[in-house]
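The structure appears below as structure tokens.
The values are calculated or read from the model by the stated rules, or taken from the named source; none is laboratory data. Just so it is clear, the structure is predicted and the values come from calculations on it, not from any experiment. We place every Cβ from the backbone using ideal geometry, glycine too, and count neighbours over all the protein chains shown. What goes into the accessible areas is simple: the full protein's heavy atoms, side chains included, and nothing from ligands, DNA or RNA. Shrake-Rupley method; radii C 1.70, N 1.55, O 1.52, S 1.80 Å.
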Amino acid sequence: KRSRQPRVRFPLGLKLSVFAAVLLLSSIVGVGLAALALTEETVETSQRELQIAVLQDLAHGIEADFRHAQDDLDTVGRVLVNRDVDEDARIDVAVAQVEGSEALDHVALYDNKGQLITPIVEESARALVFPEELAPELIEQTRAENLAIGSAVLTKLGPRVPIVVPLHAGQEVTGFAATALSIERLQRRVEALADTHFTDVPGGLFVVDRDRRAIAHPDRELADNLTALPAIGVLAGGDRLALGRGLSRSGEYVDERGETMVGSFVVLDNHPWALVAQMPRSVAYAPVYQLRNVVLVTVALATVAAIIASIVLARRITSPLAQLSEYAGAIARRDFTSRIDVRTDDELAVLARAMSQAANDLELGEQRLRHEAAIRSDLGRYLPAELVDKVVRREQDMALGGQRRALTVMFADVVGFTPLTERLAPETVVTLLNELFTIISEIVFRHGGTIDKFVGDCVMALWGVPEAHPDHAKRALNAAEEIMSWLEAGNAAWQEKFGVSLQLAIGINSGDAIVGNVGSERRMEYTAIGDVINVAARLEAIARPQQILTTAATRDLAGAHFRFATIGPRPIAGRAEPLELFELVA
């Protein structure tokens, strides 16, 4: 009797298909759930980061308003205590300063005991009532910190914030300048941000002080009356909010209606105000709920497709995918020299060829980038950055010659350098000059200038070339002032390190010069030539130590931003007529 052949109950093909289907199914479900969780976390994080970003932007605006008000108050104060100008002229200048200020519409002047002397008031602020004396705590804070910012108060012109700065005569506080800063600009900023980022969310963005009073709120009535908000939700706490400077926080809480809110708040660095943003959780995380439904449907469809695909394509796809994955890793390791060859006559083969071509393109691109970076780095040691960019892009005319350009030139020279070189070792002199030139160069670059050349212990810098700047004279004078200010700190370090201090003589002039390539076809230099250059060099030569000399041309171009002392006509070498000179006064 013939024995019966055992029947295969579970064919190997079926096992492999089931195994592949289960593997793919679990992978798809796992990826779907992970993607959902990751997306939910991302949306939550993004919402909170958006709130923090909006609040930080609002904080920067508030702090800028305070800074502008303080700066304008300081300016008015300096004008009023300037004994070099008669009293009537000082008052006229102070009034003009208040009228020209965007931050101030009035300034109240007090004596050193805090008693009111007189107010300077624009017509729009005539309704304000000025206290006869400053609060003792404001006086104490002003003396200690050179600035006091009080709590918001209600006035006939709406809520305002007191700001006080001291008036100095030498080191002595002789009085105080105060203003009540309007927060109308802050209110409009809050309303605009609320309309943009918290549409249809009542109270989505607002500002409160320690007592939870609404400083700025989309509901203008609350802000206009400095109404205290309820001590719940993000504002929950004791009798007063603990507002540490620079504090920021995000979280979820339940508001007075029992609705879960996503809220954040940021505390200003220089004032105890809390900036609050909030949004209902259902609104903030709506994309998560929508995505959850999409993911569930997608996973279901992908599961069916995976079961079918696992039977047909498992073996065919596995091997090429492994090759592609390995090659992707090689590209990630920046190995652009290897290539991949997949011969499946399908999209995977096309992808393999595309990846090989991409690797080749990346290799060529890196070579070009390294070459261009090397060129930029080398040229940047000799030429201005703007000129280097034009040379690399082949936009710079390399022919000899130049163009007439309006510019300002500065010569800065170390006074008494020759005796210094006799006292110090050559290595020390070189180190000292390199440190000095490094800082001078950074200051020149920060103010938009160009280092033309270093000649021994002298620096020649230009403003207005190669890129034109209408305010080139102002930039040059700002740079000269900063160089002189920095030199005090530099001398302290050099005195300790080398036992020496340096003094600079600076000459500045403005006018037209010929700017371009000078030299020969084989060796040329990008520079400026003209009488304006020669005059600046002569000014530097006759300037006293720590003196900045300039001409009427530079003074007129700089405008009213600087103070000048008239030196008078002085003979200049190479010129038939004396030249009217001026000293830049700090």
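Per-residue accessible area for residue 471 at 1.4 Å probe radius, Å² rounded to 10?
The value for residue 471 is about 60 Å².
For residue 286 and residue 322, FRET efficiency with R0 = 51 Å and r from the beta-carbon atoms, rounded to 0.05?
0.80
Around residue 498, with a cut-off of 12 angstrom between Cβ atoms, what is the net charge of the other residues, counting Lys and Arg +1 and Asp and Glu -1?
That sum, taken over residues with Cβ under 12 Å, equals -1.
With each pseudo-label sitting 7 Å past Cα toward Cβ, what's the residue 41-residue 113 distance in nm, one decimal?
Here the modelled spin labels are 6.7 nm apart.
Of the accessible area of the range 103-186, with the probe set at 1.4 angstrom, what percent is carbon plus sulfur?
51
Per residue, how much accessible area does the range 525-586 show when a 1.4 Å probe rolls over the protein heavy atoms, in square angstrom?
On a per-residue basis, 52 Å².
So how far apart, in nm, are the two label points at residue 153 and residue 446 if each is 7 Å from Cα heading toward Cβ?
It works out to 3.8 nm between the two label points.
So, with a 1.4 angstrom probe, what is the percent of accessible area on the range 200-287 that is carbon and sulfur?
48
Order of 539-546, 129-136 by packing, highest average Cβ count within 10 Å first?
Going from most to least packed, we get 539-546, 129-136.
Rounded to the nearest 0.05, what FRET efficiency do residue 468 and residue 575 have when you use their Cβ-Cβ distance and R0 = 25 Å?
0.35
Using the Cβ atoms and a cut-off under 12 Å, what net charge is assigned to the surroundings of residue 277, where Lys and Arg are +1 and Asp and Glu are -1?
Here the count lands on 0.
Residue 227 to residue 174: FRET efficiency via 1/(1 + (r/R0)^6), r the Cβ-Cβ distance, R0 45 Å, to the nearest 0.05?
E between residue 227 and residue 174, to the nearest 0.05, is 0.70.
Could you give the length gained by full extension between residue 338 and residue 245, i.e. 0.36 nm per residue of separation minus their alpha carbon distance, to one decimal place?
So the extension gain works out to 27.9 nm.
Ignoring ligands, DNA and RNA, what percent of the accessible area of the range 471-586 is carbon or sulfur (1.4 Å)?
50
Less than 12 Å Cβ to Cβ from residue 429, Lys/Arg counted +1 and Asp/Glu -1: what total charge do the surrounding residues give?
Working: positive: 423; negative: 422, 427, 435, 457.
So the surrounding residues net to -3.
Can you compute the modelled spin-label distance between residue 143 and residue 489, with each label point 7 Å from Cα toward Cβ, in nm?
Placing both labels 7 Å beyond Cα along the Cβ direction yields 3.0 nm.
Which of the peptides 110-116, 555-561, 179-185 is most tightly packed, and how do the rest follow, going by the mean number of other Cβ atoms within 10 Å of each residue?
179-185, 110-116, 555-561
Keeping all protein chains in place, calculate the accessible area per residue for the range 30-133 (probe 1.4 angstrom), answer in Å². List each step's numbers first, then the result.
Details: 5740 Å² over 104 residues.
Computed with neighbouring chains in place, this is 55 Å² per residue.
When the convex hull of the C-alpha atoms of the range 465-505 is computed, what volume per residue in Å³ does it have?
82
Peptides 217-223, 144-150, 287-293: what's the order by average Cβ count within 10 Å, highest mean first?
217-223, 144-150, 287-293
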